[in-house]
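> This is the structure I have questions about; it appears just below.
The values are calculated or read from the model by the stated rules, or taken from the named source; none is laboratory data. Since the model is a prediction, treat every value here as computed from it, not as a measurement. Note: ideal-geometry Cβ built from the backbone for every residue, glycine included; neighbour counts use all protein chains shown.
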Amino acid sequence: MTRNDEIATLLEEFAALLDAQGVEYKPRAYERAAERIREHTVDIEVLAREGPEAVAEIDDVGDAISSKVVEYVETGEIAELEELREELPVEMDALTRVEGVGPRTVGRLYEELGVQTLDDLEAAAESGTIQQLSGFGEKTESNILEGIPFAREAHERQLLGKARPRGERIRAYLDEQEPVTRCELAGSIRRWSPTIGDVDVLVSSDDPEAVVDAFIGFPDSDSTIEAGSTKAGIKVDGVRVDLRVVAEGDFGAALQYFTGSKAHNVAVRSRAIDQDLKMNEYGVFDVSELTREEAEADQRAGERVAGETESEMYEILEMAWVPPELRENRGEVESAATHDLPSLVTTEDVRGDLHVHTDWSDGSNTIEEMVAGASEFGHEYVCLTDHASGPGIVSSIGLDDEDIRDQISVIRDVDDEADIDVLAGIEANIDTDGSISVGDDVLAALDIVVASPHTGLDGDGTDRLVEAARHPAVDIIGHPTGRQLNRREGLSVDIDRLARVAAECDTALEINADPRRLDLSGRLVQRALEQGAMVAINTDAHSPASYELVRYGVHTARRGWAESGDVLNTRSVSEL
């Protein structure tokens, strides 16, 4: 976690504790400040040393919050936050991961039932005491109880969007160490899984003890868990990071093995066995002249025929190299054997963003600033899709039909002056019956219509999404399941049925690249493409810095076997 992220997380906790006490307005101010600090390109610690005035130059960071930031950098704590924690001593982050439990619910459950932890919440729900509180009821209590296992699992896993930058920082640090010859991330983080448990780092070196010493000396390490001659574990921002050091000649084999997934490795090893070969973290070995007992007695038994590079681990089995994102045993082993793997989409293929917000709704920047940011990022076009008013959208944020008409006029003027193409769009809301929250005459005047579910985000959402996909003005179904990783599971969807309708109606399904969503998931993308649907990779950017999140959407698309031609916004604006 960078210092910016660390302080942003504290401000989010501050906001939640204020909200739990029923404080109006201030929680949102802290949330916006947290968002701006997290995405700020300058190290907040550097600004804090210059004083509160320098911190306050960050948009949405006022004098009171900037003073608290400086206080934390200088003293290691924020006195007012410590007071709030004493007044409300709860595991706020864990409790609010339970679907339907927000900060105010946490505050009330603590005041009336003394709930502080997930265990307390589970005990209260199982005993039936929650339903006895005014405004809760049996259904609410049942929903809370059902959501606790998900919250527990989520609490143990980190979002890829937080874990990946942390892993890349450690890899960059190790790359600079003299004894290191090669260094790669491995495990689920290399496969770009949406959430990860531990960060795995693999290094090759002829001086493993020196590498271990450098690793446990990582400047941002919280503590050392273990340190051996070739392995070590440290905690960084509360997350375990595991190091494995191998000989240079074993690096390819180890990288393949430790990348996983387990299901993929089992399938590949089975193919090796069929060819009288043995495959493990040390290489591929010809064991045709050995008995089974001899082959199993020593992991290096037999003649090694591959292992220096990862690609040769697959080549020796007459397979194409399998991109890490595909290694989930969802058909990639068979396709690699017939050399029929897809040519996966890349970040460079994406030519524009079709889901972007400005300060007309809940974005942080003006239309002009979001356009300039898209141009600087390298996009050829951008579509501005602020929130329309409707179900699930706070009235002060959403645009009504007249507001949308006014914005279209402004966007057309900006397009005339911009050095990229600027499209007028909207993020309309899909109601529980599948209806769209914007008038048809207004929709017809827009270039792109993204329709997204923002309310009723549990149960089966297939019918409503299918109905929206059939609407003649809808171009993209935004974040179709409405899931938020580690917070809510979202709608269950018959993806085959939805994708068939989407394909028939030329409606794309979105891969929302926000690391908190990554919705559709890779598995659902794969199923959707099999039905002939097209996807769009959008960042849902609320500030220019968020354009960089596109890489998470691209790698999610890759996990779903998507090629460039499967992605709507790899086209030029005229083709679009």
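> Hey, could you check the range 439-453 for residues that are among the aliphatic types (A, V, I, L, M) and part of a strand (DSSP E or B) and say which is farthest from Asp519 (Cα to Cα)?
Here is the first cut: in the range 439-453, the ones among the aliphatic types (A, V, I, L, M) are 442-446, 448-451.
Next, only the ones that are part of a strand (DSSP E or B) stay: 448-451.
Working: Ile448: 19, Val449: 18, Val450: 14, Ala451: 14 Å.
Among residues in the range 439-453 that are among the aliphatic types (A, V, I, L, M) and part of a strand (DSSP E or B), the one farthest from Asp519 (Cα to Cα) is Ile448.
> Quick check on my filter: what residues within the range 436-463 are surrounded by 20 or more Cβ atoms within 10 Å (Cβ to Cβ) and either within 23 Å of Ala528 (Cβ to Cβ) or outside the structural domain of Asp353 (by TED's automatic domain parsing) (or both)? So that I can check it myself, show each step before the final result.
Of the range 436-463, the ones surrounded by 20 or more Cβ atoms within 10 Å (Cβ to Cβ) are 436-438, 442-443, 446-454, 461.
Once the filter is applied, which keeps residues that are surrounded by 20 or more Cβ atoms within 10 Å (Cβ to Cβ) and either within 23 Å of Ala528 (Cβ to Cβ) or outside the structural domain of Asp353 (by TED's automatic domain parsing) (or both), the range 436-463 yields Ile436, Ile448, Val449, Val450, Ala451, Ser452, Pro453, His454, Gly461.
> Sticking with this structure for a sec: Could you please give the count of residues in the range 234-250 that are part of a strand (DSSP E or B), free of Cβ contacts under 8 Å to residues at least 24 places away in the same chain and either among the small types (Gly, Ala, Ser) or touching a Leu at 6+ places or on another chain (Cβ under 9 Å) (or both)? Steps first, please.
Here is the first cut: in the range 234-250, the residues part of a strand (DSSP E or B) are 234-236, 239-246.
Checking the rest, the ones that are also free of Cβ contacts under 8 Å to residues at least 24 places away in the same chain come to 234-235.
From what's left, either among the small types (Gly, Ala, Ser) or touching a Leu at 6+ places or on another chain (Cβ under 9 Å) (or both): 234.
Selection size over the range 234-250: 1.
Yes/no matrix, rows are residues, columns are (1) in contact with a helix residue (DSSP H, G or I) (Cβ under 7 Å, 6 or more places away or on another chain); (2) exposed (fewer than 15 other Cβ atoms within 10 Å of the Cβ); (3) of a type in the set (Ser, Thr, Tyr); (4) closer than 20 Å to Asn486 by Cβ:
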position	(1), (2), (3), (4)
Glu184	yes, no, no, no
Gly187	yes, no, no, yes
Arg190	yes, no, no, no
Ser193	yes, no, yes, yes
Val201	yes, no, no, no
Ser205	yes, no, yes, no
Ala210	no, no, no, no
Gly217	no, yes, no, no
Ser223	no, yes, yes, no
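> Listed residues Leu133, Leu160, Leu145; which is crowded, with 17+ Cβ neighbours inside 10 Å and at pLDDT 90 or above? Quick ask: steps written out before the conclusion?
Details: Leu133 fails: crowded, with 17+ Cβ neighbours inside 10 Å; Leu145 fails: crowded, with 17+ Cβ neighbours inside 10 Å.
It is Leu160.
Let's see how each residue does on (1) surrounded by 16 or more Cβ atoms within 10 Å (Cβ to Cβ); (2) free of Cβ contacts under 8 Å to residues at least 12 places away in the same chain; (3) assigned by TED's automatic domain parsing to the domain that holds Thr366:
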position	(1), (2), (3)
Leu17	yes, no, no
Gly22	no, no, no
Glu50	no, yes, no
Val61	yes, no, no
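> Something else now. Can you tell me which residue within the range 329-345, out of those that are of a type in the set (Asp, Glu) and surrounded by fewer than 19 Cβ atoms within 10 Å (Cβ to Cβ), is nearest to Leu255 (Cα to Cα)?
Step one: list which residues in the range 329-345 are of a type in the set (Asp, Glu), which gives 332, 334, 340.
After this cut, where a residue has to be surrounded by fewer than 19 Cβ atoms within 10 Å (Cβ to Cβ) as well, the list is 334, 340.
Working: Glu334: 21, Asp340: 23 Å.
My answer is Glu334.
> With the structure loaded, tell me whether Val284 is surrounded by fewer than 18 Cβ atoms within 10 Å (Cβ to Cβ), hydrophobic (A, V, I, L, M, F, W, C) and closer than 24 Å to Ala320 by Cβ or whether it fails that test. Walk me through how you get there before you give the answer.
Values: surrounded by fewer than 18 Cβ atoms within 10 Å (Cβ to Cβ): no; hydrophobic (A, V, I, L, M, F, W, C): yes; closer than 24 Å to Ala320 by Cβ: yes.
Answer is no for this residue.
> Shifting gears a bit: Within the range 472-576, considering only helices (runs of 4 or more DSSP H) that don't extend past its boundaries, which have at least 3 residues that are touching a helix residue (DSSP H, G or I) at 6+ places or on another chain (Cβ under 9 Å) and under 21 Å from Gly378 (Cβ atoms)? I'd like the intermediate steps shown before the answer.
On the way: elements: 495-504, 522-530, 550-559.
Output list reads 550-559.
> Output the number of residues of the range 85-107 satisfying the condition of being in a helix (DSSP H, G or I) and either assigned by TED's automatic domain parsing to the domain that holds Gly490 or surrounded by fewer than 18 Cβ atoms within 10 Å (Cβ to Cβ) (or both). So that I can check it myself, show each step before the final result.
As a first pass, look at the range 85-107 and keep what is in a helix (DSSP H, G or I): 85-87, 92-95, 103-107.
From the residues that got through so far, the ones that are either assigned by TED's automatic domain parsing to the domain that holds Gly490 or surrounded by fewer than 18 Cβ atoms within 10 Å (Cβ to Cβ) (or both) too are 85-87, 93, 104.
Here the count works out to 5.
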